[in-house]
Amino acid sequence: MKPIGAALAVALPFANPVLAEGFTVSPPIDCDLTSDCYIQQYVDSDPSPNASDFTCSSLSYDGHKGTDFALPNRARINDNVGVLASAAGKVKSLRDGMVDAPYSNARATEIAGRECGNGVVVDHGDGWETQYCHMKQGSINVTRGQDVQRGQMLGFVGQSGKAAFPHVHLSVRRAGKVVDPFDPDGITRCDSPGDSNLWTQRPAYQPGGLIEIGISSAVPAYDDIKAGLTPKSSLPAASPALVVWGFLYGTQAGDIINLSITGPEGMIIADDVTLTKTQAQAFRAIGKKTRTGWSTGAYSATVTMIRGPQVISQRSTDIVIE
Ligand SMILES: [Zn+2]
């Protein structure tokens, strides 16, 4: 009898080979991916209704066709962070004029058919094209038919179209088919992710992390954190409470978040919070109240994100109580 199952398993990886043939891409955002921006979502490599990034982890969602390079908060849109052409080519199409605003289901009709928001498509020849989405309203500074170089600025990062957070979505396509620049052959291998890729320099895979942390005198509103709180350098000694908060991405059920504050007289508070959900973004805070006020001096807070035996991300911040 013919082993149909085995034959199919061997045949599938070669059914639709995508050969890079020298085509390479560079990051489409003008920021430091190790400190002031990060990759929130990758291409969904799972054809089922579930989602998986190229490492077989959770940084994707069902049907996601690109890579999302994110800014830590909406206030950073005002800094005019550049969206950069990932390779040389010719501007094939563009759209501008859509407002930058957080997406919600209430805006679905308004945005239908224009989910990319303000965007640019660049044709690189030989069937390759790249698309840049969710750009800042009024920022696109190239025209249709214009030749662009790798790294040339196309406009600024924004939050137009269907975007829950400020970012540039980069789609890479060949002959109209989505190509994951982290896994161009389309064969997800959990044991050696990214064994081939399209990057001039492959961005390091970060399996989640801390987007921002802060110290405040009360638990901040989650929307204020997403909007971008201006960090305080001092708090009054009469503050009713001291709170440390962490804004996270790529959380998984079982992750442990350790939050702590130390002051002139030592540890004020330290606690572990165990996360129960796998989420794109999350926010946690712990605090301590006082009736008598705080000692004046230097305070520092640390937030650590732990997954199994591994510290995934850690950040500290300082404040003066006066
Ligand atoms: Zn996206």
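What follows is calculated from the coordinates using simple rules that are stated; it is not laboratory data. Keep in mind the model is a prediction, meaning the values are calculated, not measured. Please note: Cβ atoms are built from the backbone with ideal geometry, for glycine as well, and neighbour counts cover all protein chains shown.
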- Candidates Leu59, Leu84, Leu235; GNM for the chain (alpha-carbon contacts under 10 Å) flags as most fluctuating Leu235
- Overall Cα dimensions of the range 78-178, principal axis frame, Å, largest first: 40, 31, 19
- Message: Positive end of the dipole of the chain, charges at C-beta (+1 Lys, Arg; -1 Asp, Glu), about the Cα centre: which of Gly97, Val122, Ser139 has its Cα farthest in that direction?
- Response: Gly97
- Task: Give, in whole angstrom and from largest to smallest, the semi-axes √(5λ) of the equivalent ellipsoid of the chain, with λ running over the eigenvalues of the Cα gyration tensor.
- Result: 40, 25, 16
- Note on the structure: Counted neighbours (other Cβ, 10 Å), sorted fewest up, put Met135, Met98, Met267 in the order Met267, Met98, Met135
- Note on the structure: With the 8 Å Cα cutoff and a minimum separation of six or more residues, the range 21-178 has a relative contact order in percent of 27 percent
- Which of the lysines could a cross-linker span from Lys232 if the Cα-Cα distance has to be under 29 Å and same-chain partners fewer than 8 positions apart are dropped? Lys136, Lys288, Lys289
- Query: What is the gain in length, in nm to one decimal, between Thr262 and Gln206 on full extension, counting 0.36 nm per residue of separation less the C-alpha to C-alpha distance?
  - Reply: 17.3 nm
- Check cross-link reach from Lys92 to the aspartates and glutamates: straight Cα distance under 12 Å, and skip same-chain residues fewer than eight apart. Asp123, Glu129, Asp147
- Message: How big is the dipole moment of the range 32-112 about its Cα centre under a simple scheme where the beta carbon of each Lys and Arg is +1, that of each Asp and Glu is -1, and everything else is neutral? Debye, nearest 20, please.
- Response: 320 debye
- Query: Along the Cα-to-C-beta direction of Arg315, a point sits 7 Å from the Cα; which residues of the range 61-101 have their amide N less than 15 Å from that point?
  - Reply: 70-77
- State, to one decimal in nm, how far the label point of Asn50 lies from the label point of Asp147, with both points 7 Å from Cα in the Cβ direction. 4.8 nm
- Output for the range 192-237: chymotrypsin sites (Phe, Trp or Tyr not before Pro) sitting in coil per DSSP, at most 12 other Cβ within 10 Å, listed by number, reads none
- What does the charge count near Gly176 come to, summing +1 for each Lys or Arg and -1 for each Asp or Glu among other residues with Cβ under 14 Å from its Cβ? +2
- Long-range amide H contacts for Gln137: which residues qualify at under 5 Å (H placed 1.01 Å from N, peptide plane, sequence gap of 5 or more or a different chain)? Asp100, Gln159
- Note on the structure: For the chain, the charge dipole (Cβ of Lys, Arg +1; Cβ of Asp, Glu -1; about the Cα centre) points to a positive end, and the Cα of Val157, Ala112, Ala227 closest to that extreme belongs to Ala112
- Task: Taking the Cα centre of the chain as origin, sum charge times position over the Cβ atoms of Lys and Arg (+1) and Asp and Glu (-1), and report the length of that vector in debye to the nearest 20.
- Result: 500 debye
- Under a 10 Å cutoff between Cα atoms, tell me which one of Gly209, Gly151, Gly254 has the largest fluctuation in the Gaussian network model of the chain. Gly254
- Message: Rounded, prolate or oblate for the range 26-109? Axes are the square roots of the Cα gyration tensor eigenvalues, ordered a ≥ b ≥ c, and the cut-off for rounded is a/c under 1.5.
- Response: rounded
- Task: Using the number of other C-beta atoms within 10 angstrom as an exposure proxy, rank Phe283, Phe156 with the fewest first.
- Result: Phe283, Phe156
- What list do you get for Cys190, Cys133 if you sort them by fewest beta carbons within 10 Å? Cys190, Cys133
- Item | GNM result for the chain, Cα springs below 10 Å: residue of Gln159, Gln40, Gln252 fluctuating most strongly | Gln252
- Per the helix-only model, the chain has a calculated mean residue ellipticity at 222 nm (DSSP H runs of ≥4, -39500 (n - 2.57) each, divided over all residues, rounded to the nearest 500) of -1500 deg cm²/dmol
- Relative contact order, percent, of the chain when contacts are C-alpha pairs under 8 Å separated by at least 6 residues? 16 percent
